[in-house]
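Could you have a look at this structure, given as structure tokens, before my questions?
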There are 4 protein chains.
Amino acid sequence: MTDVVSYRPAPEELSYTFGGREPVRRVEPGTIVELYTEDCFGGRVRDVGDLPSVVCEFPYLNPVTGPIHVEGAEPGDTLAVHFAEIVPAREWAVSSTFPHFGALTTTHTTAMLHAPLDELVWRYDVDVAAGVVRYHARRSDFSVELPLDPMHGTAGVAPAAFESRMTIVPDAHGGNLDTPELRAGVTAYFGVNVPGALFALGDGHCRQGDGEVCGTGVESAMNTVVILDLIKGVDTPTPRFETDTALMSAGSARPLEDAYRMSQHDLVTWTAGLTGLDVLDAYQLISQAGEAPVGNVCDPNYTMLAKVAKTFLNNPPAYEGIHARLRSTARDYLATR
Amino acid sequence: MTDVVSYRPAPEELSYTFGGREPVRRVEPGTIVELYTEDCFGGRVRDVGDLPSVVCEFPYLNPVTGPIHVEGAEPGDTLAVHFAEIVPAREWAVSSTFPHFGALTTTHTTAMLHAPLDELVWRYDVDVAAGVVRYHARRSDFSVELPLDPMHGTAGVAPAAFESRMTIVPDAHGGNLDTPELRAGVTAYFGVNVPGALFALGDGHCRQGDGEVCGTGVESAMNTVVILDLIKGVDTPTPRFETDTALMSAGSARPLEDAYRMSQHDLVTWTAGLTGLDVLDAYQLISQAGEAPVGNVCDPNYTMLAKVAKTFLNNPPAYEGIHARLRSTARDYLATR
Amino acid sequence: MTDVVSYRPAPEELSYTFGGREPVRRVEPGTIVELYTEDCFGGRVRDVGDLPSVVCEFPYLNPVTGPIHVEGAEPGDTLAVHFAEIVPAREWAVSSTFPHFGALTTTHTTAMLHAPLDELVWRYDVDVAAGVVRYHARRSDFSVELPLDPMHGTAGVAPAAFESRMTIVPDAHGGNLDTPELRAGVTAYFGVNVPGALFALGDGHCRQGDGEVCGTGVESAMNTVVILDLIKGVDTPTPRFETDTALMSAGSARPLEDAYRMSQHDLVTWTAGLTGLDVLDAYQLISQAGEAPVGNVCDPNYTMLAKVAKTFLNNPPAYEGIHARLRSTARDYLATR
Amino acid sequence: MTDVVSYRPAPEELSYTFGGREPVRRVEPGTIVELYTEDCFGGRVRDVGDLPSVVCEFPYLNPVTGPIHVEGAEPGDTLAVHFAEIVPAREWAVSSTFPHFGALTTTHTTAMLHAPLDELVWRYDVDVAAGVVRYHARRSDFSVELPLDPMHGTAGVAPAAFESRMTIVPDAHGGNLDTPELRAGVTAYFGVNVPGALFALGDGHCRQGDGEVCGTGVESAMNTVVILDLIKGVDTPTPRFETDTALMSAGSARPLEDAYRMSQHDLVTWTAGLTGLDVLDAYQLISQAGEAPVGNVCDPNYTMLAKVAKTFLNNPPAYEGIHARLRSTARDYLATR
């Protein structure tokens, strides 16, 4: 029988870094964990009048729930995180422009002499039953429904080399990858850097476009069920995802072509290993069969994924088939809850 | 009744630039044009022993068919190119690594001190009836079928400012965009820079992955049917595509985030104009509803597209509804041919 | 005895591309050529009220004088251009911001949703005898003298592969390198791509800062004396410069690290050849002894130079010692003129 | 009378991060501090047979001496660090290539499918009295003297936002800037992020070229004298340097043009404040008078400086003239020691 742990952090328990924090819970590998995560604004932006630059305070942005210590996890292992369910916790969600943040504005690094763009907040209606969110324009009557597609922008483990990183940063430890591919049904793999791995999760989006061009998704608190499991003695150099039908590698870097290179390089070498293909043969196959979903083009590192359908690899098992096992456990749990 | 023009270039008629060439044909707007295009190797790579660096000669690479002068086209107009049909012309296709070309290798610009990667050729079986191509590994027995998804890597018009550009370059005039989105059923829009527009087409791929990471797709000669039409007095700043369900803008630049920025910027401002949305409202909507298909991450400029479903815009007409009209003409022509 | 040719183009003779133009003059190798070059605004911006976006018309920007056909130049040769003298032709010069141009502003490629920065013109006093230019602030009384350091932003030959490129573009053929290193006393080397090489020159600056951050230097018409000479059968892959004390390689690309890589790569491999050093030994030596002068960070490609003092290489001769010979010829000519 | 503190860390006292460490010393503002710093290899690479990948262990690379708590330093203040003296501590120094590190090689982020370049070590003779280092080629008899120009690659304070960063990273807190401008005679300014500032120093180079293209300088332990002082209530957004004749701003980011933008942006806005110039007037002045020394083009962020001669600003005082005072104190101390 599988352990189930539920955890809803008090506001003062929220974490703003990966690394540098004591665990809030300790669980055995294989535990089902029910988590509440706050939105990237800490829940302080509730309506179009709540400007993030006024109601939020740096560096108390993008809080994560955790970290959770997984017993027995050691550097050199891989943490497998199966996302069983991601459900918006409120009937509304928000998005915004934010001064000096986003892909089409001057930022701290792409520094220009322009005045910032207007700071605006958009409030979305969230209808979980109908599976939609509703967008309302701020400066006209335009309104439209978009499909609900819940995901987490931020998920990861403590980084290596004694580092601690702001939750807004995506890197080899995971973090703020901001990819719509991190939805329910996915198993995410993270290389373990410190004892216990120290997994944390946050930044739920009801949906987001590719690249999160304005800098924020449809931001929402979430009630999320994950299974945390461990693959001993197997390293994972960069975050990877597996679904029933596809394998994915994430790369986070600037410029964006380096995120592309990192993700494609990992997918090429990973799938070469899985299939027995020579590396150049795998390079050719991924070149014709691969996809390149864009994660974020707004965070301190940009994130891209490299993705390939398992059928195009003749369906090799990855990580000893753990995805299928966790998927089955998740289905059972959700069905009998 | 619609004019139909067929043109199969002799080898010596092939063109290696956009701009700087006399037209090979002159057609009226609305003409259906049946074209044969050679593959990017000029048809010289026919088997795994034909190394591109040996059998091809710079700058006689990536030949295009054309240019075609469209009567009445003037700077400030838009050329609409509807792709009615793209059919591989042979039962085989090829792909290769090429010294100093591709995303995971040292190149002329990302210059490093490494020896080049091995130059290898892969030969694919093409089965148009079954809708598949078959990949064969070079260094093992691995083999797999991939769906046929024919497209053109290179399409465009003469550039502005008296320039003539190698066909391998993608830019505002089109060129070597190398995006899998340029398949049959699409209407492509190019801003006209010189009298007659001077449209040319080449670089057919039976399919390609996102980014064309090794530098080449599944390269094939093609028999392609396009309709060339004209939208007078309407400018198009960067190549755009329309399908029955989506609008797309292309951006070509380095680094890759600039290609992303250009494409998203054009889609935001274009759709703001189509919907009457304020630009920041459109920025928000595209941020949540938009996609970012990757074109190439290997050519002199990288290419990304920004894409949005028309339903998420409440289905505004674009370019006076020309896509639907050309689509209908194409269907009629193909049905009665 | 050395031939001397003088050429002052009429306005309608100015050229706006490298490539695609008939030569304006034909000279023998070794000829001394006295040229008048217009400023990048075509001389139309004469005072602070002359806004470039109003008085100039795209694509009639950055005119060059030329092209000059050098007899006997063939692809595979190197054109040596010794800059004997560069003298501002007027007692004033101008600089400006320009909408969507410069390093600290949204541009066509680094596309953002900001309104453009204000377009302003600055008029400098030029005192050739005193060797200074004087800056005057537009929005206060601040004024300061800066040393005169005349240079050409744009110099090069016709590109390869049937291309013709706007004069604003720097690339392997030279073009708009915009580096303060292109001053009198330098010999520049350009690989020949077409018969006659087709050298052209323009865009004089009384001085410029590293990177030309606002997009323009202290722009001036120039009276310039060059010697055009030929090195048969020796190729030059990217523009190179030589002074009495240093060797330099130029790289033009985006992102800026690729311009750095290209220039350092060429300097490493070039100096390895000159000194007999192993390439990794040269890599190490340049790593400790090399400089990296920044050219432009505002043009369609960015430009960086890699530079090393000849003494740090134990003074090997380059290009058969042509620089010393041309320098001597230039001194003699200027002394006896 | 000025306090003097001397500190030579035991090997186990060395630090590998900025942030996340307890201070090793506490000093009053104005204290003269004599520090010993180990080289980037922790002193383990002593000859050409000591390959870094063998004798060094990740993450125990690039050790720094510190951190030092400066009493009274609070977020919002500026730490002024005057470099009085930097003297190589040994008669030899080393440099190396290192697998997947450097500008002309595949790296973790610019990920390619090449085998790594050869790992080689070069050992330099250091002659402090003569003011030279001697380079010896590994694969030939070539040898040459280069001027000694001692500097620190790594200097900074604890970062903001609860972060702790590997010492190899340059960012807003300083860190591994790897610029030859950080030599004796310079006052460096760092914004304080945590109480006590927590200054640390390491990575001495006998000299380095611009960009540190192979990834390492002429690496040496150093005996260094700094004065640590405090400017209360004045923030510094990015590391800045001051010499007797120039002001400099550092920017660290990828791609390299963003490091350029950040540094130029800071210099433009800083000098606008110092001179009373309008920001666009300062933009223009820096565009013509500014320099752009390249720091590193090999670390996790690249670093560039923007630099301007004080005379071109009509010599405004910066930071209340603290540089001149510290310079004078340093001279007195060194003279009387």
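The values are calculated or read from the model by the stated rules, or taken from the named source; none is laboratory data. Given the structure is predicted, the values throughout are model-derived calculations rather than measurements. Please note: Cβ atoms are built from the backbone with ideal geometry, for glycine as well, and neighbour counts cover all protein chains shown. Calculation scope for accessible area: heavy atoms of the full protein, side chains included, ligands and nucleic acids excluded. Shrake-Rupley method; radii C 1.70, N 1.55, O 1.52, S 1.80 Å.
What number, rounded to the nearest 500 deg cm²/dmol, is the helix-based mean residue ellipticity at 222 nm of the protein assembly as shown, given -39500 (n - 2.57) per DSSP H run of at least four residues and division by all its residues?
Numbers: 16 runs with 200 residues, N = 1348.
Value at 222 nm, helices only: -4500 deg cm²/dmol.
So, one more: Please give every one of the lysines within straight-line cross-link reach of C:LYS232, meaning a C-alpha to C-alpha distance under 18 Å, and leave out same-chain neighbours fewer than 8 residues apart.
Once the sequence-local lysines are set aside, nothing remains near C:LYS232.
Just checking the output field for C:273-281: average partner chain Cβ neighbours within 10 Å of each residue's Cβ?
What the average comes to for C:273-281 is 5.
Also: Convert each backbone phi in the range B:108-123 into a coupling constant with the Karplus relation 6.51 cos²θ - 1.76 cosθ + 1.60 (shift: θ = phi - 60°), then list the ³J(HN,Hα) values in order as whole Hz, x for Gly and Pro.
My calculation for the range B:108-123 gives 4, 9, 8, 7, 10, 8, 6, 5, x, 5, 4, 8, 10, 10, 10, 10 Hz in order.
Tell me, what is the FRET efficiency for A:ASP118 and C:TRP92 to the nearest 0.05, using R0 = 45 angstrom and their Cβ-Cβ distance as r? Present the calculation step by step, with values, prior to reporting the outcome.
Details: r = 41 Å, r/R0 = 0.90.
So, using R0 = 45 Å, E works out to roughly 0.65.
Still on this structure: Tally Lys/Arg at +1 and Asp/Glu at -1 over every other residue whose Cβ is under 10 Å from the Cβ of B:VAL226; what's the total?
Values: positive: none; negative: B:GLU34, B:GLU85, B:ASP229.
Net charge around B:VAL226: -3.
Still on this model: Per-residue accessible area for A:MET151 at 1.4 Å probe radius, Å² rounded to 10?
Surface accessible to solvent at A:MET151 totals approximately 0 Å².
Related question: Can you run phi through the Karplus equation (6.51, -1.76, 1.60; θ = phi - 60°) for the range D:292-309 and list ³J(HN,Hα) in whole Hz, with x for Gly and Pro?
With coefficients 6.51, -1.76 and 1.60, one gets 9, x, 7, x, 10, 10, 8, 8, x, 10, 8, 10, 10, 10, 10, 9, 9, 5 Hz.
Excluding ligands, DNA and RNA, what is the solvent-accessible area per residue of the protein assembly as shown at a probe of 1.4 Å, expressed in Å²?
Working: 41910 Å² over 1348 residues.
Value for the protein assembly as shown: 31 Å² per residue.
Tell me, what is the FRET efficiency for C:SER328 and B:TYR7 to the nearest 0.05, using R0 = 60 angstrom and their Cβ-Cβ distance as r? Display every interim value, and only then the final one.
On the way: r = 59 Å, r/R0 = 0.99.
My answer for the efficiency is 0.50.
Residues of the range C:252-268 losing 40 Å² or more of accessible surface, assembly versus chain alone, probe 1.4 Å, please list them.
For the range C:252-268, once contacts with the other chains are taken into account, C:ARG254, C:PRO255, C:LEU256, C:GLU257, C:ASP258, C:TYR260, C:ARG261, C:MET262, C:HIS265 lose 40 Å² or more.
As I understand it, the value is the acute angle between the Cα axis of helix C:279-289 and the longest principal axis of the Cα atoms of chain C; what does it come to in degrees, rounded to 10?
It is inclined by approximately 50 degrees.
A follow-up question, please. Helix A:322-336 against the longest principal axis of chain A: what's the angle in degrees, Cα atoms only, rounded to the nearest 10?
It works out to around 60 degrees.
Using θ = phi - 60° and the Karplus form 6.51 cos²θ - 1.76 cosθ + 1.60, what ³J(HN,Hα) does each residue of the range A:204-213 get, whole Hz, x for Gly and Pro?
Per residue, the Karplus-derived 3J(HN,Hα) values read x, 10, 5, 5, 7, x, 5, x, 6, 4 Hz.
Once amide H atoms are placed 1.01 Å from N in the peptide plane, what residues at a sequence separation of 5 or more from A:TYR124, or on another chain, have their amide H within under 5 Å of its amide H?
Close amide H contacts, sequence-distant or interchain: A:ALA93, A:VAL94, A:SER95.
Ok, one more. Using the Cα centre of the range B:4-336 as origin and beta-carbon charges of +1 (Lys, Arg) and -1 (Asp, Glu), tell me which of B:ALA259, B:VAL132, B:ALA115 is placed farthest towards the positive end of the dipole.
In the range B:4-336, that residue is B:VAL132.
Going by the alpha-carbon gyration tensor, a ≥ b ≥ c the square roots of its eigenvalues, is the range D:285-337 rounded (a/c under 1.5) or, if a/c is not under 1.5, prolate (a/b greater than b/c) versus oblate?
On the way: a/c = 3.16, a/b = 1.38, b/c = 2.29.
Oblate.
Could I ask something else about it? Check A:GLY76: other-chain or 5+ apart residues with amide H under 5 Å from its amide H, H built from backbone geometry?
Result for A:GLY76 returns A:VAL192.
Cα centroid distance between the range B:163-200 and the range D:231-257, in Å?
44
Another question, then. Can you put D:ASP39, A:ASP141 in order of accessible area, largest first, using a 1.4 Å probe?
Values: D:ASP39 0, A:ASP141 155 Å².
Per-residue accessible area, sorted high to low, gives A:ASP141, D:ASP39.
Could you give the angle, 0 to 90 degrees to the nearest 10, between helix A:256-275's Cα long axis and the longest principal axis of the Cα atoms of chain A?
30
Among the listed pairs C:LYS310/D:LYS307; A:LYS307/C:LYS307; B:LYS307/D:LYS307, which are separated by more than 32 Å between their Cα atoms?
Details: C:LYS310/D:LYS307 26 Å; A:LYS307/C:LYS307 43 Å; B:LYS307/D:LYS307 43 Å.
Violating the 32 Å Cα-Cα cut-off are A:LYS307/C:LYS307; B:LYS307/D:LYS307.
Report the Rg/Rh value for chain B, based on alpha-carbon coordinates and the Kirkwood definition of Rh.
Values: Rg = 19.3 Å, Rh = 20.1 Å.
Rg/Rh: 0.96.
Also: How much accessible area does D:ASP125 have with a 1.4 Å probe, in Å² rounded to the nearest 10?
Accessible surface of D:ASP125 is approximately 60 Å².
Would you tally the net charge around C:CYS298, using a Cβ to Cβ cut-off of less than 12 Å, leaving C:CYS298 out, and scoring K and R as +1, D and E as -1? Can you show the working numbers first?
Details: positive: C:ARG254, D:ARG261; negative: C:ASP178, C:ASP210, C:GLU212, C:ASP299, D:GLU257.
With Lys, Arg at +1 and Asp, Glu at -1, the neighbours total -3.
Let me ask another. Compute the signed sum of charges (Lys and Arg +1, Asp and Glu -1) over the other residues within less than 12 Å, Cβ to Cβ, of D:GLY211. Please list the in-between numbers first.
Values: positive: C:ARG261, C:LYS307; negative: C:GLU257, C:GLU291, D:ASP178, D:ASP210, D:GLU212, D:ASP299.
With Lys, Arg at +1 and Asp, Glu at -1, the neighbours total -4.
Follow-up. Taking a 1.4 Å probe, which of D:HIS114, B:HIS108 shows the most accessible area, and what order do the others take after it? Provide the component values of the computation, followed by the final result.
Values: D:HIS114 15, B:HIS108 115 Å².
Correct descending sequence by accessible area is B:HIS108, D:HIS114.
Also: Do you know which residues of the range B:128-163 lose at least 30 square angstrom of accessible area in the protein assembly compared with their chain on its own, with a 1.4 angstrom probe?
Residues losing area: B:TYR135, B:ARG139, B:PHE142, B:VAL144, B:LEU146, B:ALA161, B:PHE162, B:GLU163.
Please give the average number of partner chain Cβ atoms lying within 10 Å of the Cβ of each residue in C:289-300, rounded to a whole number. Display every interim value, and only then the final one.
Values: counts 7, 7, 6, 12, 5, 8, 1, 0, 7, 2, 0, 3.
Across C:289-300, the average partner-chain Cβ count within 10 Å equals 5.
Using a 1.4 angstrom probe with every protein chain in place, what is the largest-first accessible-area order of C:ARG44, D:ARG240? List each step's numbers first, then the result.
Values: C:ARG44 135, D:ARG240 20 Å².
From most exposed to least exposed: C:ARG44, D:ARG240.
Give the Cα extents of the range C:75-227 along the principal axes, in whole Å, largest first.
54, 46, 20
Counting pairs of alpha carbon atoms under 8 Å apart in space and at least six apart in sequence, what relative contact order in percent does chain D give?
Values: 904 pairs, mean separation 73.6, N = 337.
After rounding, I find 22 percent.
Report, by chain and number, residues whose modeled amide H sits under 5 Å from the one on B:ASP39, excluding near sequence neighbours (fewer than 5 apart, same chain).
Under 5 Å from the amide H of B:ASP39 lie the amide H atoms of B:ALA221, each far enough along the sequence or on another chain.
Which shape class, rounded, prolate or oblate, goes with the range C:188-337 when its Cα gyration tensor gives a ≥ b ≥ c as root eigenvalues, a/c under 1.5 marks rounded, and past that a/b bigger than b/c marks prolate? Numbers along the way, then the final one.
Values: a/c = 1.59, a/b = 1.08, b/c = 1.47.
Because a/c hits 1.5 or more and a/b fails to exceed b/c, the range C:188-337 counts as oblate.
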